[in-house]
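Every number in this text was worked out from the coordinates using simple rules, so none of it is lab data. Bear in mind that the values here come from a model prediction, so they are computed numbers and not experimental data. Don't worry about glycine lacking a Cβ; one is built from the backbone with ideal geometry, like all the others, and counts go over all protein chains shown.
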């Protein structure tokens, strides 16, 4: 059975969004993690391109990681470590974020 057929039978719109989060909500979640794990990271100095990259990667991390212990936010910061070093992220920050 096709997913759209099953959804329609149950009265659910197949085109309905499921994972919806605004850029503001995503950045708020990331900033909370930065405050806790990377206090020297100067996100205010990041370029529009770098913030967009961070937000796009966050979407992947929301999909791939469970939300407990800020794993999604920590994963996006780890994934972008090389880029974030130029904004003050340190090796110590990386080690603090690492949950493996």
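Points worth noting:
Conditions tested, residue by residue: (1) in a helix (DSSP H, G or I); (2) touching a helix residue (DSSP H, G or I) at 6+ places or on another chain (Cβ under 9 Å).
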| residue | (1), (2) |
| --- | --- |
| 16 | no, yes |
| 20 | no, no |
| 27 | yes, yes |
| 30 | yes, yes |
| 41 | no, yes |
| 55 | yes, yes |
| 70 | yes, yes |
| 95 | yes, no |
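- Lone unmet requirement of (1) assigned to a helix (DSSP H, G or I); (2) in contact (Cβ under 8 Å) with a residue 40 or more places away in the chain for residue 8: (2)
- Filtered residues of segment 13-29 (kept if surrounded by 11 or more Cβ atoms within 10 Å (Cβ to Cβ), more than 22 Å from residue 41 (Cα to Cα) and without any contact (Cβ under 8 Å) to a residue 12 or more places away in the chain): 14
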